[in-house]
Structures are given as C-alpha cells and as structure tokens.
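Comments concern the structure below.
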Amino acid sequence: MSNGEHTIAVYSGSFDLFTNGHLEVARKAARCFDIVILLVANDPAKNYMFNQNERLLVASCVAEDLSKEGYLVEAHALCDGYVTDYAHQIGASVLVRGLRDVVDYESETKLANVNRSTNPEIETVFIPTPPELGVISSSTVKKVFGPRGWMDKVRCFVPEASVTALAGIMMRRKWDELMVDMGLTAPAEYIDELVAAYTAGPNRCYHNAQHIIHGLEVVDEYLAANEADKLTRDVARFAIFYHDAVYDPHARDNESKSAIAALVAFVNIAAAERNASDFEDRPYFYQTFESVLRESILATEHRHEIDEDRHAVMRLTMELVANVDLAILGEKPEAYQRYARQIRQEFQDFSDSEYAKGRVAVLQRFLDRDCIYSLPWFVDRYELQARRNIQSEIDALVGKA
C-alpha cells in the first residue's frame, strides 16, 4: 500500500464547495497517510457553481493550510478518466471517501466495489465526519452563497481558506461585470495582480479580498436604491477594487499609492479602446474619470471632510467610496468584532498598550464627528450601530492604553 517509502492516498470529489466536512476528512486522512492528494474531479453531466479551475484554487488553499499544520497535502485536478487510473499513475494505493450517514455508506460501498473491480490493488478507506458536520453538504452551503452578506453565512460551513479563495473568485466575476458595464476589455493580468495583492502577505488580515467584496456589495446595494450618474457608478466600483491595492499598516501613503495604481491601470486598459468607433461618446474616458477616480480613493484616508465646493458628481462619488469604506463600522456586532480582531492582527508588532492608545485615538475621531457617514442612505443604515460598535471597542481598549 505504498509508493516506495510513502503511502499516498487520494481524496477525490467535485468539492463544489469545499466544506468543513471535507476539511475534517482530509485532515484525518493526512494523519493516517504520508501524502494526501485532494483530487478535484469534473463531471460534464453536472452543473457546477464553480468551474474546475476555481474549485482547484479553493482546494489548493485548503491544502496549503493543512501543509502549515505539518501534513503533506496537495491539490490536483482530474480532467478526464477514472480516479482509479489516476491513483495508479501517481502510485497511490488508497482512495479516501467521507461518510456523513447511512445513505452515504450504501452509495460509497457500491462505488468502492466498482473501484475494486477496476483496480484490485487500490483499497478504499471510509472516514466518517463528526456528527456536527454530517449535516453540512456542498449543495446546502451553495444555497446561501452569493447574496449580500454571503461571507458571514458561508464561513460557518467552510474553512477560512475557502472563504478567502471564494472572495478572490468573486472579485474576478465582479471585475468582469464592471469591464462589461464600462465597455472595456481588460487583460487578465490586471485582476490577477489585484487578487494576488489582496490575498498575499501577513498584513492582509482585514484589508483583503473579503473587504473588497463587502465594499462592492455595499456599492451595488446603494446604487440599486439611489440614482447616480454613470460616471459615479463606474468610478465608485473601480475605486473600490483599487483603494487598498497598496497596503502597509505602518505607512501613511497607502491611499496615494493605491490611487496611482488605479490610474495606471485605467489609462492602460482604456488605451486599447481609443480606436473604438464610439470612443468620443464615452465621457468617462477623459480626464474627468481619472480625476474623480484619484480623489475618490484619496477620500478613503478619512482625514478631512470632503469639500462642499466640489462638482456634484465628484463629491457624490467621493462620499460614496468613503462611506462604503466605513460601512464595516456599522455592521452587526459579530462582524464588527471580527473586523476589530483583524485590525489588531495587522498591528501585531505593537504592544497592547501602544496599539490601544493609537486605536482609541482613531476611533474617537469618528465619534467626534457630527455624523460618521455623509450620505443619508448610510446614516439611516449604519450610523447608530457604528457608534455603538466603536464605543464598545473603545471601552474594551481603555484599560489597556
């Protein structure tokens, strides 16, 4: 049952989505066998929510997390053929299957018998999931995926690595939608770089892909309920994608550098459209778009109130982006508390007293405002809860300052 000195086990599935039940089976398998392969299969007869590359990305993130725990776990894709043939090719001698209940046992036993008939040298090992995870299925989790707030609901059923990967996938989908709305065709390298920026490094505990998805959801919700110029609609979403593209928790020029990154990206993407027959009819390709984009990202510094003398479209877009960036302050207490913990992690090199002193000062500045939010829609939905959340965090920090 080994390949040389190592026993290789293959845990195959569609993994659409990869749940905590899958994670527990993979972890238990990794304790039993030297190497575990998470094999992402693809059945043309099935309708998947995520394509195979997206599912492989999620499985790879899970495998990376398990590897950090000291296990040898890899994620591979099975494009065609049989799992048993693939296992034989890589020298695996074990197929791992998870069991949730009696129904699973009956169907999995039949599958194990079929696999044994095709390759008698490969054994199937059944690993039951804990009772509390047995009720979780990919199909059930998919029902809560997508609508506003899906991340908070989905993270109850899937590994955090899955949430991070899913946020990156959703970023790509939202980016494609924006490019279509703007009439642009952007090479994949732009969104690839953005996703990489928001999912890399130890300082992205909060300022990550999940933060961007939350921002885009809030923007969409606002735009669905309020009239806005097309320039505002396009710039606001573009700005949310880039407003934290550059992030160092100890730097004070993150917003200006992010604004530059956004401008460079827009100019380069738009340059490819300059030969389009209707280019002259697209006002957002002119300097107006670039200036509004720049000022909207700089508005997320939250250091100054936005000048009332600004042009109406410029002011609205700046206020929208700035208010969206602060929406987390007014979310439900559990979401705010998770945000507060994540911010603390980004400043983990500070002592508790140093962090508390600086954090309280930042939070107090928001409470000292007449209104934390400038747009009525945000005031109605977030202001009261934001003040409660902030005061609660200040109260918890005061004793440490």
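A short reminder: the numbers here are calculations on the coordinates, not readings from a lab. Since this is a predicted model, take the numbers as computed values, not measurements. Cβ coordinates were reconstructed from backbone atoms using ideal geometry, including for glycine residues, and neighbour counts include every protein chain displayed.
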Cα lying deepest toward the dipole's positive end in region 97-234, options Ile136, Asn208, Thr124, charges on Cβ: Thr124
Degrees between helix 52-68 axis and first principal axis of the chain (Cα, 0 to 90, nearest 10): 80
For region 189-342, size of Cβ-based charge dipole, Lys and Arg +1, Asp and Glu -1, in debye: 440
Dipole moment magnitude, nearest 20 debye, region 329-398 about Cα centre, only Lys, Arg, Asp, Glu C-beta charged: 100
Nearest-20 debye value, the chain charge dipole, Cβ charges on Lys, Arg, Asp, Glu: 820
³J(HN,Hα), Karplus 6.51/-1.76/1.60, whole Hz, each residue of region 347-362, x for Gly, Pro: 10, 5, 7, 8, 5, 4, 5, 5, 5, 4, 4, x, 5, 4, 4, 5
Label-point separation in nm, Lys143 to Gln385, each point 7 Å along Cα→Cβ: 2.4
Virtual paramagnetic centre 7 Å along Cα→Cβ of Ile260, amide N under 17 Å, in region 196-223: none
Contact order normalised by residue count of region 329-398, Cα under 8 Å, 6+ apart, percent: 54
DSSP beta bridge pairing in the chain, given as percent antiparallel to the nearest 5: 5
Convex hull of Cα atoms in region 8-136, direction-averaged projection (nm²): 7.5
Estimated [θ] at 222 nm from DSSP helical runs (n ≥ 4, -39500 (n - 2.57)) normalised by residues in the chain, nearest 500: -17500 deg cm²/dmol
Relative contact order (%) - the chain, alpha-carbon pairs under 8 angstrom, separation at least six: 12
In degrees, nearest ten, helix 254-271 long axis to first principal axis of the chain (Cα): 80
Rounded to whole Hz, the Karplus (6.51, -1.76, 1.60) HN-Hα couplings of region 316-333, x for glycine and proline: 4, 5, 4, 5, 4, 5, 5, 5, 4, 4, 9, 4, 4, 4, x, 7, 4, x
Over the chain, equivalent-ellipsoid semi-axes from the Cα gyration tensor in Å: 44, 26, 18
Pairwise label distance in nanometres, Val102 with Arg173, each label 7 Å out on the Cα-Cβ vector: 3.7
Region 309-401: chymotrypsin sites (Phe, Trp or Tyr not before Pro) in DSSP coil with no more than 12 other Cβ atoms inside 10 Å: none
Over 32 Å between alpha carbons, listed pairs Lys332/Lys400; Lys46/Lys332; Lys174/Lys357: Lys46/Lys332; Lys174/Lys357
In region 188-268, trypsin sites (Lys or Arg not before Pro) in a DSSP loop with at most 14 other beta-carbon atoms within 10 Å: Arg252
Candidates per trypsin sites (Lys or Arg not before Pro) in region 356-401, loop by DSSP, up to 15 other Cβ within 10 Å: Arg369, Lys400
Degrees, to the nearest 10: 188-199 long Cα axis against longest axis of the chain: 90
Per principal axis, descending, Cα span of region 329-398 in whole Å: 38, 23, 18
Within-12-Å neighbourhood charge of Glu334 [Cβ basis; K, R +1; D, E -1]: +3
Region 8-136: antiparallel DSSP beta bridges as a percent of all, rounded to 5: 0
